[in-house]
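Colleague: Before anything else, here's the structure in question.
What follows is calculated from the coordinates using simple rules that are stated; it is not laboratory data. Here the structure is a predicted model, which means the values were calculated and not measured. Glycine gets a Cβ as well: all are built from the backbone with ideal geometry, and neighbour counts include every protein chain shown.
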Amino acid sequence: MIAQSLLSIMLAAILLYAWTEYPRSPVIALSAVLAACGGLYFVWLPAHATILAEAVGVGRGVDLIIYIWVVISLLVVFNLHLKLRSQMELITGLAREIAILKLALSDRGPSAG
């Protein structure tokens, strides 16, 4: 009962976070709501996770939930990698522009001003 209560509180916090994030990122917020609701469902009805796991060919409900968590985590890491790569390309482009502008300004020399 203690574990169910603690997990419920954590999942409720995720629901609250998703609600506040909805205006900025609706897709992420809705994904978080779905994951948190699914989590709450399986926290309070763990036997249903086992039934679902057996239906898809996995031995135990806990195993199925861990497999799903691994897939979701890999998708999140991949998405973060793509965003980081995009940011690094943007920073590289900005640094090049600044370097070109500095070089152009230094070529003019002090008499140009």
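Colleague: Report the extension gain between Lys102 and Met88 in nm, rounded to one decimal, defined as 0.36 nm multiplied by the number of residues separating them, less their alpha carbon distance. Display every interim value, and only then the final one.
Modeller: Working: separation 14, 0.36 × 14 = 5.04 nm, distance 2.08 nm.
Roughly 3.0 nm would be gained on extension.
Colleague: Working from Cα positions, state the angle (0 to 90°, nearest 10) between the long axis of helix 2-21 and the longest principal axis of the chain.
Modeller: Roughly 40 degrees between the two axes.
Colleague: What length, rounded to one decimal in nm, is gained on full extension from Ile9 through to Trp69, with 0.36 nm per residue of separation minus their alpha-carbon distance? Write down the numbers at each step before the final one.
Modeller: Numbers: separation 60, 0.36 × 60 = 21.60 nm, distance 1.88 nm.
Contour length minus the Cα-Cα distance gives 19.7 nm.
Colleague: Out of Gly61, Val76, Cys37, whose Cα points farthest toward the positive end of the dipole of the chain (charges: +1 Lys, Arg; -1 Asp, Glu; placed on Cβ)?
Modeller: Of the listed residues, the answer is Val76.
Colleague: How long, wide and thick is the chain, going by the Cα atoms along their three principal axes, in whole angstroms, largest first?
Modeller: Projected onto its principal axes, the Cα set of the chain covers 81, 30, 23 Å.
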